[in-house]
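Here is the structure we will look at.
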Amino acid sequence: MDPNTIPLTFFRKSSASITGPHGDIVKPSHVRFLDYEVEIGLVVGRDTPVSSTVTDLPQVLAGLVITNDVSARDIQLPQTQFYEAKSYPSFTPVGPALVLLDADEWKRFGDLHLRLRVNGELRQDMHVAGDMIYSPLQALQSLTRFQDLAAGDLILTGTPAGTALSAPAKPIEIIGSLLPPALKWKAFFKRQAANPKYLADRDVVEATIATDDGTIDLGAQRNIVKASPAAPTP
């Protein structure tokens with residue numbers, strides 16, 4: 001999609017999906033295509049009522065954390081909504097640190113460098129500056145048009161390229177849009193089944209976010225994927 005025409009979109013994740021920076025990511029037995037998304041987490045520092053005029057980040061935010069927006073793509077895409085696919089227990093590793101920033105450090109937000117590795121292989125690697133479609137300030141201004149914010153709320157800010165799921169080539173996308181839904185999703189699942197980048201049992205997922213000079217460092221996550229045993233057949 002054209003970044004200049006993409007609307008700023010919000011969706012919810014269950015708070016029960018949060019786990020620690022070294023907790024297991026539990027892959028439900030019915031999920032085939034488990035994906036990762038390293039993201040900067042914004043932690044709200046003070047209650048902010050709807051329709052507030054937000055002019056700078058320190059006005060609303062306490063600091064930043066590393067988050068991983070783990071996603072079950074085979075649940076997310078056919079349902080055309082995100083809540084279930086991103087809300088299973090352990091699907092939001094957070095931490096290890098809530099890093100509080102002063103006014104000068106907030107000005108370096110664009111220098112933050114996001115990296116995610118799976119089994120040591122670098123999958124996601126991006127600096128915020130020049131790649132983030134909407135700034136945190138724009139997100140906060142849009143969010144407070146319709147929702148109160150409470151101290152402790154966690155807002156995830158989107159992920160770089162490099163996830164297991166990637167957009168199909170334009171011709172394939174056009175062909176897919178012409179197919180009946182059942183046939184389209186059958187073809188999609190068949191294509192994704194050949195993709196080795198989806199997370200599997202015992203995969204190690206490591207995420208870091210920091211400025212290159214280390215002045216701002218959110219620490220490092222290391223989570224191991226554990227496959228949930230299949231439910232017994234009645």
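The values are calculated or read from the model by the stated rules, or taken from the named source; none is laboratory data. Note that the coordinates shown come from a computational prediction; the quantities given were computed from them, not determined experimentally. Here the Cβ is made from the backbone with ideal geometry for all residues, glycine too, and neighbour counts use every protein chain on show. Surface accessibility is based on the protein's heavy atoms, side chains included, excluding ligands, DNA and RNA. Shrake-Rupley method; radii C 1.70, N 1.55, O 1.52, S 1.80 Å.
Would it be correct to say that residue 45 is in contact with a strand residue (DSSP E or B) (Cβ under 7 Å, 6 or more places away or on another chain), farther than 26 Å from residue 161 by Cβ and surrounded by 13 or more Cβ atoms within 10 Å (Cβ to Cβ)?
Yes: the conditions hold for residue 45.
Just one of (1) surrounded by 19 or more Cβ atoms within 10 Å (Cβ to Cβ); (2) in a loop (DSSP other than H, G, I, E, B); (3) of a type outside the set (Asp, Glu) trips up residue 52, so point out which.
Every listed condition holds for residue 52 apart from (1).
Tell me yes or no: at least one residue of the range 19-27 is open to solvent by 10 Å² or more (accessible area, probe 1.4 Å), closer than 18 Å to residue 198 by Cα, modelled with pLDDT of 95 or more and outside any strand (DSSP E or B).
yes
Quick test for you: out of 143, 149, 218, pick the one residue that is over 19 Å from residue 66 (Cβ atoms) and modelled with pLDDT of 95 or more.
149
Return the pairs, sorted by first residue and then second, in which the second residue is part of a loop (DSSP other than H, G, I, E, B) and open to solvent by less than 40 Å² (accessible area, probe 1.4 Å), the first residue lies in the range 1-30 and is under 16 Å from residue 72 (Cα atoms) and of a type in the set (S, T, N, Q), the beta carbons are less than 6 Å apart, and the residues are 6+ apart or on different chains.
14/87; 17/87; 17/91
Determine if the range 180-199 includes at least one residue that is surrounded by fewer than 18 Cβ atoms within 10 Å (Cβ to Cβ), within 20 Å of residue 89 (Cβ to Cβ) and either touching a strand residue (DSSP E or B) at 6+ places or on another chain (Cβ under 6 Å) or at pLDDT 95 or above (or both).
Scanning the range 180-199, I find no residue that is surrounded by fewer than 18 Cβ atoms within 10 Å (Cβ to Cβ), within 20 Å of residue 89 (Cβ to Cβ) and either touching a strand residue (DSSP E or B) at 6+ places or on another chain (Cβ under 6 Å) or at pLDDT 95 or above (or both), so the answer is no.
Of the residues in the range 55-88, how many are of a type outside the set (Ser, Thr, Tyr), in contact (Cβ under 8 Å) with a residue 24 or more places away in the chain and either closer than 25 Å to residue 109 by Cα or in a loop (DSSP other than H, G, I, E, B) (or both)?
Adding up the residues that qualify gives 15.
Checking the structure you have, find out if any residue of the range 113-136 is open to solvent by 40 Å² or more (accessible area, probe 1.4 Å), in a helix (DSSP H, G or I) and touching a Ser or Thr at 6+ places or on another chain (Cβ under 7 Å).
No.
Under the condition of being touching a strand residue (DSSP E or B) at 6+ places or on another chain (Cβ under 8 Å), closer than 22 Å to residue 157 by Cα and not in a strand (DSSP E or B), which residue from the range 200-231 is least open to solvent (accessible area, probe 1.4 Å)?
216
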